[in-house]
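Colleague: Below is a structure I'd like to ask you about.
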Amino acid sequence: MSANPTTKPVQAGFLVLALLLAAGAFLINAYVQKERQRDLDDWSIRLGLMAETRVAAIEDWLGSQAGALGELANNASLQLYLWQLTQREDSNPAIEPAQLSYLRNLLLASAGRYGFTPAQPQTTIPANLPQQQDTGLALLDARQRLVVATAGMPEIGNAFQAAIATALDSGKPAFSKLVLDAHERVLLGIAVPVPVVLGAQDSQAYAGVVFGVHSAERTLYPLLTSGIPMTDNDDSLLVREDNGQVLYLSPTADGGTPTRKSLPLERSDLAAATAVSRPGSFGEFHNYQGRRVLAVSRPLSSVPWVLVQEVDAVQAMQESDRHRRFLITSFSLLMFFFAATLVAAWRHGSSVRAMHDADALREKTLALKKQTELLHAVTDNVEAYVVLLDDQQKVLFANARLATVTDASAEELAGNSLAAIIGPANAQPLAESIAQLQQDGSAHHCTRQMVLGGEERSLQCALVPVEQVGERSNAILLVMQDVTEFQRVQQKHASLLRKLVATLMHVVDLHDPHSAEHSSRMVEVANAIGRELKLGEADSRALDLASSLANLGKIFIPKEILTKTEPLTEAEQALLQRHVQYGTELLEDLEFDGPVLDTIAQKQEHMDGSGYPRGLKGDEILLTARILAVSNAFVALASPRAYRDAIGIEQVLDQLLRESGTKYDRHVVAALFHIAENRRDWSQWQDGTSGQP
């Protein structure tokens, strides 16, 4: 069921109000989100500064340790004694070489100087047991054989050996992975290559490695907690990628052992996984305990580690969330107050508008009534049958004239089909024109014979497409004008003209008895050629009339010249040629439909320009004139003359073919040739009498 029209504005108003509320809610949410994003950006800056500070501290510490060992590695005495020891032949192992004693003392002094001494001094145990500490300093040769080390030097395992090999290969300081020793202590190894002593003949660039080991718990991890914390739940972590896992290198708040805790790298919501995948990123994630955190990451350049700086998201955004709730509440109340004001204003405006609409409706109703009366005054008094059809050929409107002739009222005709009103026989031809109009969308005009009111009438029909009529589209306006009387008068005038032309042809025949029936035969031949060449209707009518009047000018030529049997003199020939001019001058004040006068004036022109009176050639000559020229020549040659007998049809055609292209149009002659093959009756023309052509 369709809605009441009076409720549509109300529905539209509520729809607009709902859209405004939705837009307001969207804008409030956008503003609140913008404020929250601003707070997140602030935390991104703060966490980034803290992460960069701690990364810088770690990088400085790593650089200082590598620099200290580099200073020791570049000691000339160390380089010399290391080279001498590596070149020394095997001797009594019970006797320690002086170089080795020097190097041991140098390492002990350097260990104390650079911080490679254990936190607690090594105690002497009366047993031959190894006492390994978490810190130490050692010197190895190029084949990674231990030369000398401080007391308690940790065992050099695979991770340390890999760092030593890297230092020897690259010639630069190398840092080992963080490894756990047998006592669950996290150790970091630093290897610095020792250059070969200057002047030594050796194929290797480095004679050995100075290798130091630090306890990460005492030296590295304190750097992660330095400074003033931002919240109670700050967390700085070192992580790296390890075989598709995120490996935690530093202690975690849940008491996990460094280098043993790992989580899948595919977890996109994990702060450490994102830090390894996209170092430098910031966002809201979950930490290894599943708590929401704000995290930022920074990569280290010296080692393949990433520092993750985290802060508890709930605690960090507590003030921001409180402010966000305040904004949402305030703006929502303001928006609903604004909506209530709009509703009140709309109700008042609706009342005022309703009164104005009522007045406007009365005015429009009166104007529509006047327009309807004017429309009926025009359509009901016009001398035509007017029908407006829909796209299904149902009557939308019919004027009083059509209603009168069909013995019905205009209201009774509405809704009926066109066939029901004017009859199926009358509607069928119009249906074809309507179908064509609906296909190409353009107006159509036609003349149809119909029986209306019991009388046969000739109606000139105009079908005009109408795109829109009220709520209907693709309507058709049909206007039928009764032209029966007009056609009768027109036919009467045409008959009179035909009789006048026949009279003029008879006058020419009387003036030149030897060319009797020349004009009528020329009309017959010209019309046959025109049909063969498929001339248009207008050109065909012009050709028919021109061929009938073509020899009219001969009535001004003396009869003695027309009937002369001897050859004409030059003067007589010139006078005879003027019959074309006489004919056109006689007819020039008459109005013809089509190129009648031009066709007559050009009938003696030749294709090569040798004709008269203007010497036209080729396409300068009208097609109707070219047809008339061939027709005139054919009839003249095929008919007997005073000075010769008639020429046979085949000989005439042969002569015309020889002269085609010079005198006559090839296409016209070809058309005549095709026609003559089927017109055996033209041979009878040769039995009559004729005069000069």
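The values are calculated or read from the model by the stated rules, or taken from the named source; none is laboratory data. Every value quoted in this text rests on a predicted model; they were computed, and no experiment measured them. All Cβ positions, glycine included, derive from the backbone under ideal geometry; neighbour counts span all protein chains shown.
Colleague: So, LEU562, is that one touching a helix residue (DSSP H, G or I) at 6+ places or on another chain (Cβ under 9 Å), free of Cβ contacts under 8 Å to residues at least 24 places away in the same chain and over 23 Å from ARG498 (Cα atoms) or not? Before the answer, list the steps.
Modeller: Numbers: touching a helix residue (DSSP H, G or I) at 6+ places or on another chain (Cβ under 9 Å): yes; free of Cβ contacts under 8 Å to residues at least 24 places away in the same chain: no; over 23 Å from ARG498 (Cα atoms): yes.
Answer is no for this residue.
Colleague: Do we find that GLU310 is over 46 Å from the mean Cα position of the chain (by Cα), of a type in the set (Asp, Glu) and modelled with pLDDT under 90 in this structure? First the steps, then the outcome.
Modeller: Values: over 46 Å from the mean Cα position of the chain (by Cα): yes; of a type in the set (Asp, Glu): yes; modelled with pLDDT under 90: no.
So GLU310 does not fit the description; no.
Colleague: Taking PRO258, is it more than 29 Å from PRO173 (Cβ to Cβ) and assigned to a loop (DSSP other than H, G, I, E, B)?
Modeller: No, not satisfied.
Colleague: Which of the residues belonging to the stretch 641-693 are at pLDDT 70 or above and assigned to a loop (DSSP other than H, G, I, E, B)?
Modeller: ASP645, ALA646, ILE647, GLY648, GLY661, THR662, LYS663, ASP665, GLU677, ASN678
Colleague: Right, next: Among the residues that make up the stretch 275-287, is at least one of them touching a residue at least 12 places away in the same chain (Cβ under 8 Å), of a type outside the set (A, V, I, L, M), under 30 Å from GLY115 (Cα atoms) and surrounded by fewer than 23 Cβ atoms within 10 Å (Cβ to Cβ)?
Modeller: Checked against the condition, which is being touching a residue at least 12 places away in the same chain (Cβ under 8 Å), of a type outside the set (A, V, I, L, M), under 30 Å from GLY115 (Cα atoms) and surrounded by fewer than 23 Cβ atoms within 10 Å (Cβ to Cβ), the stretch 275-287 yields no hits at all.
Colleague: Turning to a different aspect of this structure: One residue is enough: does the stretch 544-554 have a residue meeting the conditions modelled with pLDDT of 80 or more, over 22 Å from ARG521 (Cβ atoms) and in contact with a Phe, Trp or Tyr (Cβ under 8 Å, 6 or more places away or on another chain)?
Modeller: No - not one qualifying residue is present in the stretch 544-554.
The rows are residues; the columns are (1) polar (S, T, N, Q); (2) under 17 Å from VAL296 (Cα atoms); (3) under 54 Å from the mean Cα position of the chain (by Cα).
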{"position": "ALA205", "(1), (2), (3)": "no, no, no"}
{"position": "VAL209", "(1), (2), (3)": "no, no, no"}
{"position": "VAL213", "(1), (2), (3)": "no, no, no"}
{"position": "THR219", "(1), (2), (3)": "yes, no, no"}
{"position": "THR225", "(1), (2), (3)": "yes, yes, no"}
{"position": "ASP234", "(1), (2), (3)": "no, yes, yes"}
{"position": "ASP242", "(1), (2), (3)": "no, no, yes"}
{"position": "GLN245", "(1), (2), (3)": "yes, no, yes"}
{"position": "PRO251", "(1), (2), (3)": "no, no, no"}
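Colleague: Then there's this: Please go through the stretch 432-457 and pick out each residue that is surrounded by 14 or more Cβ atoms within 10 Å (Cβ to Cβ), of a type in the set (A, V, I, L, M), without any contact (Cβ under 8 Å) to a residue 40 or more places away in the chain and under 24 Å from THR484 (Cβ atoms).
Modeller: Listed by number, the list holds a single entry, MET450.
Colleague: Is one or more of the residues making up the stretch 345-357 surrounded by 10 or more Cβ atoms within 10 Å (Cβ to Cβ), touching a residue at least 24 places away in the same chain (Cβ under 8 Å) and part of a helix (DSSP H, G or I)?
Modeller: yes
Colleague: Still on this structure, please answer the following. Checking ALA162 against (1) at pLDDT below 90; (2) out of contact with any helix residue (DSSP H, G or I) (no Cβ under 9 Å at 6 or more places or on another chain); (3) surrounded by 12 or more Cβ atoms within 10 Å (Cβ to Cβ); (4) within 26 Å of SER302 (Cβ to Cβ), which test does it fail?
Modeller: The single condition ALA162 does not satisfy is (1).
Colleague: Do you know which residues across the stretch 246-260 are among the β-branched types (Val, Ile, Thr) and either touching a Ser or Thr at 6+ places or on another chain (Cβ under 9 Å) or farther than 15 Å from GLN309 by Cα (or both)?
Modeller: Correct list: VAL246, THR257, THR259.
Colleague: Take residues that are of a type in the set (A, V, I, L, M, F, W, C) and buried (at least 17 other Cβ atoms within 10 Å of the Cβ) and tell me which of the helices (runs of 4 or more DSSP H) falling wholly in the stretch 562-607 contain 2 or more.
Modeller: Answer list for the stretch 562-607: 579-587, 596-601.
Colleague: Still on this structure, I have one more. Go through the stretch 404-438 and report how many residues are of a type outside the set (Ser, Thr, Tyr) and assigned to a strand (DSSP E or B).
Modeller: Number of matching residues: 0.
Colleague: Picking from LEU140, LEU107, LEU103, which residue would you name as being modelled with pLDDT of 90 or more, within 20 Å of PRO195 (Cα to Cα), assigned to a strand (DSSP E or B) and not assigned by TED's automatic domain parsing to the domain that holds VAL303?
Modeller: Working: LEU107 fails: assigned to a strand (DSSP E or B); LEU103 fails: assigned to a strand (DSSP E or B).
After ruling out the rest, the residue left standing is LEU140.
Colleague: Does GLN371 satisfy the criteria of being assigned to a helix (DSSP H, G or I) and either farther than 24 Å from VAL483 by Cα or modelled with pLDDT of 80 or more (or both)?
Modeller: Yes, satisfied.
Colleague: Give me the pairs: first residue in the stretch 36-62 and surrounded by fewer than 16 Cβ atoms within 10 Å (Cβ to Cβ), second residue basic (Lys, Arg), beta-carbon distance under 8 Å, and six or more apart or on different chains, which are they?
Modeller: So the pair list comes out as GLU52/ARG298.
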